[in-house]
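The values are calculated or read from the model by the stated rules, or taken from the named source; none is laboratory data. Note that the structure is a prediction, hence the values are computed from the model and not measured. Positions of Cβ are backbone-derived with ideal geometry, glycine not excepted, and every protein chain shown enters the neighbour counts. To get the accessible areas, we keep the full protein, side chains included, count just its heavy atoms, and leave off ligands, DNA and RNA. Shrake-Rupley method; radii C 1.70, N 1.55, O 1.52, S 1.80 Å.
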Amino acid sequence: MDLYLIRHLQPEIEAGVCYGQLDVPLAPSSAADCAKVAARLPSVDVVWTSPQARCRILADAIGMRAGVAPVSDERLRELGFGDWEGRRWETIGRDASERWAADYWNVSPPGGESYRELYARVCIALAEIAARHAQRAAIVTHAGPIRAALVHCLQLDPRRYPEIELDYGGINLLHVDLAGDAAWRLVYLNG
């Protein structure tokens with residue numbers, strides 16, 4: 001099984017604003033960028049997507065090219081920043097953001113979720129997608145869920161989350177031989 005993890009396109013939001021599950025618009029170039037990303041993918045059997053508009057738009061373009069309707073899944077949403085959503089980082093306060101950054105795996109922003117919680121929901125979604133035994137599945141989502149999938153599938157230390165840089169519109173390919181040892185391997189990152 002080939003699993004294409006695709007990060008949404010460049011959003012149009014002011015630098016320094018905290019957003020995770022906040023629905024933000026895409027940059028004006030998104031229509032052309034959707035076509036470019038969809039053209040770089042081989043034909044896929046299924047397209048899964050975060051329900052957030054910045055993912056659905058790209059998932060719809062990929063699904064149209066593949067002749068399949070994307071499946072929206074709440075578990076593929078970005079990290080929930082709770083009360084911090086839409087606020088400028090400098091208004092959140094250095095103490096609060098540093099406390100969270102020091103242990104993002106276990107600590108959640110007020111009203112939000114920790115990376116451990118994000119990881120758990122993404123792992124459940126991945127297991128369901130893999131159980132369907134599609135030959136090629138595309139998942140259009142966000143940096144947080146893609147990092148969670150990579151940490152899980154490649155058995156990386158969760159503290160390595162920040163080291164995984166993901167491009168907007170980047171395609172990341174994981175392969176698993178479901179008939180063999182069922183070990184995931186990374187084929188490429190940001191393709």
How many residues are touching a strand residue (DSSP E or B) at 6+ places or on another chain (Cβ under 7 Å), closer than 24 Å to Ala137 by Cα and either surrounded by 15 or more Cβ atoms within 10 Å (Cβ to Cβ) or among the β-branched types (Val, Ile, Thr) (or both) when one looks only at the stretch 20-44? 4
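Which residues, taken from the stretch 141-174, are among the β-branched types (Val, Ile, Thr) and open to solvent by less than 10 Å² (accessible area, probe 1.4 Å)?
So the first thing to find is which residues in the stretch 141-174 are among the β-branched types (Val, Ile, Thr), and the list is 141, 146, 151, 164, 171.
Thr141, Ile146, Val151, Ile171 - these are the residues of the stretch 141-174 that are among the β-branched types (Val, Ile, Thr) and open to solvent by less than 10 Å² (accessible area, probe 1.4 Å).
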Across the stretch 115-137, what is the total count of residues that are at pLDDT below 95, aliphatic (A, V, I, L, M) and not in a loop (DSSP other than H, G, I, E, B)? 5
Considering residues of the stretch 70-106 that are without any contact (Cβ under 8 Å) to a residue 40 or more places away in the chain and aliphatic (A, V, I, L, M) only, the residue farthest from Pro145 (Cα to Cα): Ala96
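Might you check whether a residue that is closer than 18 Å to Leu41 by Cα, assigned to a loop (DSSP other than H, G, I, E, B) and over 12 Å from the mean Cα position of the chain (by Cα) occurs anywhere in the stretch 138-157?
No: zero hits.
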Restricting attention to the stretch 19-72, and to residues there that are part of a helix (DSSP H, G or I) and closer than 26 Å to Glu113 by Cβ, which single residue is nearest to the chain's Cα centre (by Cα)? Cys55
Does Ala15 satisfy being under 30 Å from Ser97 (Cα atoms), free of Cβ contacts under 8 Å to residues at least 12 places away in the same chain and either in a strand (DSSP E or B) or open to solvent by 40 Å² or more (accessible area, probe 1.4 Å) (or both)? yes
For the structure I just gave you, tell me whether Val68 is out of contact with any His (no Cβ under 8 Å at 6 or more places or on another chain) and under 27 Å from Cys153 (Cα atoms). yes
